Structure formats: structure tokens, C-alpha cells
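Everything on this sheet refers to the single structure shown next.
The values are calculated or read from the model by the stated rules, or taken from the named source; none is laboratory data. Model, not experiment: these values are computed from the prediction. Note that each Cβ is placed from the backbone with ideal geometry, even for glycine, and that neighbours are counted across all protein chains shown.
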Amino acid sequence: MKKGNSLTLTDILITVVIALVFAVIYSLWDGIYTILQPFGLHLNELVYGMWFIAAIVAYLIIRKPGVALIAEFAAASGETIVLLQFDVSLIMYGLIQGLVCELVFLFFRYKSTSLMAAVLAGIAAALSTLPLDWYYGYLGHLETWNLALMFSLRILSGAIVAGWLGHLLYKALKETGVLKFVGRRADNSHEGL
Amino acid sequence: MLETIKNYSTFIDKANPLTKILLAAILFATVIFIHNPNVLFHLTILMLIALLCLSGVKIKYLVMLLIFIFISGFISSLYMIFYGEGTETLFRYGIIHITDESFVRGLHITMRGVILSLFGALVIFTTKITDVFYALMIQLKVKPKYAYSFMAAIRMVPIIVSEYFQLRQARKVRSALINKKHISGFKSLKSTIVTLLSQSIRRAYRLGIAMESKGFSDGSRTYFYKTSLSRYDLYLMLIIAAAIITAVQIGTVITPFDSTDAR
């Protein structure tokens, strides 16, 4: 296998498959999100973080440049395939969130698997799409307390659901032993799983 | 699968997937810059007509989908209707405060979502997923390793889903023997995801190695499926452009909403 930081087909395939597992979960999660919406109190924002978890888990597993972006794009477009509903805004949001996660991981030089990196990426992803929401959903015309509630719930969700839960999943996956030959660790392995 | 729910196919089926995705992106940008609810109202109707006539899907499936699109679009803008700023009160109950302005603004956001969903549905009903990736490789010169790993991964989705059901059944059978924590609640969610992920990673790793050794990863290649740009792409672009222009024009004449600016 090729060495270094460039992505091999196996890396991409694993990333996309991880993302598609999450796409299936996202589709189920969409139900929870919609049920929480009618209250209008932004309770749905509490589960919003789930939408960045694919990027974070895929990065923690592979740890190469581009993985977070591909994962988030694949998860967003995978949702399209699973739900049979093509939604451009979904894919755009996915791309922006993936890109921001990528920047955070670049800051860690694609090395760290710490909880800190995951939580920071979650928070960054939560912040990243607020400007788009601002224009799309006329957030500037919400009552101030309601807007503050929405922002804080989303950031909290990014940190806990995406960062902490993503890291928890990574640790559990590591214990199963499937990560031995995957991503960066693949460099010194000559055996299959 | 699409053939079973379709009555007939139209020229949109022959248009290039990339054109459709590009148009969807343009439509997204357009609805963000339209602040007149009247214009969006007409655009919604035009998109609805486009979906009904051009998708070729049987009407009963379309009706089900439309109900879903309209309801979920309305629900997702309730936050604005309930808590938006405004002066002319329509309804007040506790912290819920519906005003004339926030109501129109809420409907405006609903229509944005609905327009995008309607066009999205039109795209999904007229596009084969594999064609998207071939178009990306042939027209946009995306590296084959990306496109092929996407296509291979999509084929794994049914396996992932069936694995999930298998896991659920296995838990059901063993429910008397294992701790309740592992059947419902957070622990079970975690173990479900971890099981699905680890199995998928293992499978993807094996498939990836096999595909790499067969030369799917790089190098120049020829394609069995052909995608190209044709006059149908032009027709589709003209239709969407005409819809937007018509909506803007009629929006100033026929005005179902009193206000011309949702902001």
C-alpha cells in the first residue's frame, strides 16, 4: 500500500461506508428532529450535532486530509439515497460542515485522536452553518431570547453529540480491533483482517 | 426500482445529472435572494406543475410525497411563526406569539423549503444514481477512485440495513438472557452503531484491497456507460429559467400576500 498522507481507494471506501452507516442513522434521526420541531423551542437543536458525527468518526479512524469532507458529503448525499429525497441545501450544509471540521483537524495536523479535537470540530461545525441559516431562515427577525436559546443549544449539541459521542464511538470501535489495519496504521501491515 | 412507479419518461430523464445538480444549486441561491412571498408563491406552483408533468411518476406516489413535503416544510418553519418578531398580533398564548409579520415570514420559509424539495423530487425521479458518478468521472474528470468507492459503498447500504434487522432479531431472541440495558436505551444504541460500523469497516477494507489490486484506483480508463451533454440539458435550463422569470413577473400582478417583503 502507498505510504504517507494521500488517500488510497481503501481509505475512501472505508470513509464512504462509515458515512453511509451514519446516513442510515441520520435518516432515522430526521424523524426525531422533526418530532421535536413543533414545540418551536429549538429542542430539535439539541440533536442537531448528530449531523456532524460522520466527519468526526471518519477522521478519528483514518486521520488523513480530506476524510472529514468526503465523509460529511457522503453522509449528506447518502441521506438523499436512503430517503429518496434530493435536497441541495442538505448537501451544501454537509459540505460546509465537513470543510470546517477539516480545518480544525488541519490545526491538529491530522494526528490527534484526543477528545479535545473531536469536541472542537463539533463546535466549529455547529457554528459553521449559522450564517447560512441566518439568511435562509431570517433568524435576525426572531425574538432575541429565542435566538440565543437556539445558538447555545446548537453549540452544546455540537460539542456533546458530535464531539463526545463521536469520540466514544471511536474508542469502542478501537476496542473491537477492526482499526488495526485501517488508515494510518495500514502502513506497516501486510495481513488482512 | 424507479421503473415500477413511473408511467412514462420525459426528456429530463435524458438530461445530464450534472445539469440537474447545477440547476438545484442555482435554485437554492435564487430562493435565498427572493424576499417577496408572492414571487415564491408562484414559483412553488410552477415547480409543482413541473413535478406533476415532467417526472412521469404515478399520481398516487406523487400525492403521498407532496403531503409529506408540505407538512414537513410547514413544521420546519413553526419556530418563526411562533416566535418571530412582529407588531400586529394574531394570536398569543404563553410564550407563543404569532404576529402577521412572523406568520408571512414563516410561510415564506416553508415555501423556500418546498420549492427545493419539489425540484429535488423531480431530479431524483429522473436520475439513475450510477449516472451521476459516471458523469462526474467523464465530464468533470473526478478521479475514478472517488467515484468507484462511492458506487461500491452504495451497494453496501442494503447489506447494512439487513444487518441491522438481523441484529435486532438476535437481541429479541436473547432478550430473556441479557441485561435490559443492552436491548433499549443508550447502551443498545451504542452497541448497534459499533456493531454496524465495525462490520462495515471490515467489509470495506476487504473490498477496497480487492478493488485496488484490480486497478480501480488510478490510471486512465474507458467507460462502458456514456454520459454526455445534449440539447435536453438546454431545454431543462430554459424551463427553470422561464419558471423563475415568470414567477417574478406574475408576483407583481397577482398578489395573494399583502406584504411584498417577508423581512
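Residue B:35 meets the conditions (1) assigned to a helix (DSSP H, G or I); (2) at pLDDT below 90; (3) of a type outside the set (Ser, Thr, Tyr) in every case but one. The failed one is (1).
For first residues located in region B:201-218 and more than 22 Å from residue A:21 (Cα to Cα) and within 7 Å of another protein chain (Cβ to nearest Cβ), partners that are in a helix (DSSP H, G or I) and of a type outside the set (A, V, I, L, M) and lie 6+ apart or on another chain with Cβ distances below 8 Å form the pairs B:212/A:10; B:216/B:144; B:216/B:145; B:216/B:148; B:217/B:144; B:217/B:145. Can you name the residue in region A:94-139 that is touching a helix residue (DSSP H, G or I) at 6+ places or on another chain (Cβ under 7 Å) and of a type in the set (Phe, Trp, Tyr) and is also modelled with the highest pLDDT among such residues? So the residue we want is A:105.
Restricted to region B:160-181, and to residues there that are of a type outside the set (Ser, Thr, Tyr) and closer than 21 Å to residue A:177 by Cα, the residue that is nearest to the other protein chains (Cβ to nearest Cβ) is B:160.
Counting only helices (runs of 4 or more DSSP H) that fall entirely inside region A:34-152 and contain at least 2 residues that are free of Cβ contacts under 8 Å to residues at least 40 places away in the same chain, the qualifying elements are A:67-83, A:88-107, A:115-128, A:130-136. Here the condition is being in contact (Cβ under 8 Å) with a residue 24 or more places away in the chain and on the phi < 0 side of the Ramachandran plot; of B:78, B:90, it holds for B:78 alone. Take region B:8-33 and flag every residue that is buried (at least 20 other Cβ atoms within 10 Å of the Cβ) and without any contact (Cβ under 8 Å) to a residue 40 or more places away in the chain. Selection gives nothing. When residues in region A:113-145 are screened for being facing another protein chain (nearest Cβ under 9 Å) and aliphatic (A, V, I, L, M), 3 of them pass. For region B:229-241, the criterion of a residue being assigned to a loop (DSSP other than H, G, I, E, B) and more than 30 Å from residue B:110 (Cα to Cα) is satisfied by at least one position. Annotation: of all residues in region A:1-48 being over 14 Å from the mean Cα position of the chain (by Cα) and aromatic (Phe, Trp, Tyr), the one that is modelled with the highest pLDDT is A:33.
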